[in-house]
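Written out below as structure tokens is the structure these notes cover.
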């Protein structure tokens, strides 16, 4: 367990990495005694600093919910992070590559809540009943900590959350069988990854249930209007300067983002 002083020092290092766009040495190396509780505490300190500087919380993200993502990260458990309002972009967004350290993109479904969700005990049907819209999304992830990372590094780094591009055809949660929502990720016209949403814990709504139960232990609830990403069902795809990434969700439409 880290001291409060070390937690604050780690949070300041991550904030500096965000400003400089340069990944820092793994916190798990700098602080070998770090625990998962420390990592979430550091994440909270970073997000509190962002809010103090004017950022507004718009939702959450769940990460590492699929075998593909766990294998690519060599991490075997989910994590979560906070999404700020300034992270959101519409379909066709043009993003500056220089605003990120090492950006990659993922295919995900976003859940917009109409009702409050608070764990413990939240299950699949609770999430579906509380959800207003399910929205096709591209998440841009960005590591502010060097590789190889451990779960402590990823958690402290806000689950690598960097940006969200939303579009396509939002649907009601019972309009389609969400397990069978498919996705194809193109980079500059070439297919890089494919997958279906069942790769997220068997059903993408279970990613939201996991989050509600996880944060419920700390007295936190998922609030109406919040946008929550349920987790990627493909491996992340690198986004280089000049790349155009396009996510095709079939009947749910397409989303594009360009890095310049």
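Ranking request for peptides 147-153, 240-246, 224-230: highest mean number of other beta-carbon atoms within 10 Å first, then the rest in descending order. The partial results should precede the final answer.
Values: 147-153: 19.0, 240-246: 15.3, 224-230: 21.3.
Sorting 147-153, 240-246, 224-230 by mean packing, highest first, produces 224-230, 147-153, 240-246.
With contacts defined as alpha carbon pairs under 8 Å and 6 or more residues apart, what's the relative contact order of the chain in percent?
Relative contact order of the chain: 27 percent.
If you take the beta carbon distance between residue 238 and residue 85 as r and set R0 to 25 Å, what does 1/(1 + (r/R0)^6) give as a FRET efficiency, to the nearest 0.05?
On the way: r = 26 Å, r/R0 = 1.06.
The value I calculate is 0.40.
Extension gain residue 48-residue 16, at 0.36 nm per residue separation less the Cα-Cα distance, in nm? Numbers along the way, then the final one.
On the way: separation 32, 0.36 × 32 = 11.52 nm, distance 1.47 nm.
Length difference between fully extended and current span is 10.1 nm.
Any idea what the relative contact order of segment 93-224 is, in percent, if you count C-alpha pairs under 8 Å spaced at least 6 apart? Intermediate results must be reported in sequence, preceding the final value.
Numbers: 223 pairs, mean separation 42.1, N = 132.
Relative contact order for segment 93-224 comes out at 32 percent.
What full-extension length gain, to one decimal in nm, is calculated for residue 57 and residue 190 as 0.36 nm per residue of separation minus the Cα-Cα distance? Present the calculation step by step, with values, prior to reporting the outcome.
Working: separation 133, 0.36 × 133 = 47.88 nm, distance 3.48 nm.
This chain segment gains 44.4 nm when fully extended.
Listed highest first by mean packing, meaning other Cβ atoms within 10 Å per residue, what order do 120-129, 251-260 come in?
By packing density, highest mean first, the sequence is 251-260, 120-129.
Looking at the chain, I'd like the Rg to Rh ratio, where Rg is from alpha-carbon atoms and Rh is Kirkwood's inverse mean 1/r.
Details: Rg = 17.2 Å, Rh = 18.2 Å.
Rg/Rh for the chain comes to 0.94.
Can you give me the C-alpha center-to-center distance between segment 98-165 and segment 182-253, rounded to a whole angstrom?
7 Å
Please report the relative contact order for segment 198-240, taking Cα pairs under 8 Å with a sequence separation of at least 6, and give it as a percent rounded to a whole number. All intermediate terms of the calculation are to be shown ahead of the outcome.
Values: 22 pairs, mean separation 20.8, N = 43.
With pairs under 8 Å counted, the relative contact order is 48 percent.
In what sequence, highest mean first, do 109-115, 134-140 appear when ranked by Cβ atoms within 10 angstrom? All intermediate terms of the calculation are to be shown ahead of the outcome.
On the way: 109-115: 21.6, 134-140: 26.1.
Put in order of decreasing packing, that is 134-140, 109-115.
Please compute the length gained on full extension between residue 147 and residue 176, using 0.36 nm multiplied by the number of residues separating them and subtracting their Cα-Cα distance. If you can, show how the numbers build up before the last one.
Working: separation 29, 0.36 × 29 = 10.44 nm, distance 3.80 nm.
Roughly 6.6 nm would be gained on extension.
Which distance in nm do the two modelled labels at residue 260 and residue 115 give, with both placed 7 Å along the Cα-to-Cβ direction?
4.5 nm
Just so you know, all these numbers are worked out from the coordinates, no wet-lab data involved. Just so we're clear, the structure is a prediction, and the values are computed from it rather than from any experiment. All Cβ positions, glycine included, derive from the backbone under ideal geometry; neighbour counts span all protein chains shown.
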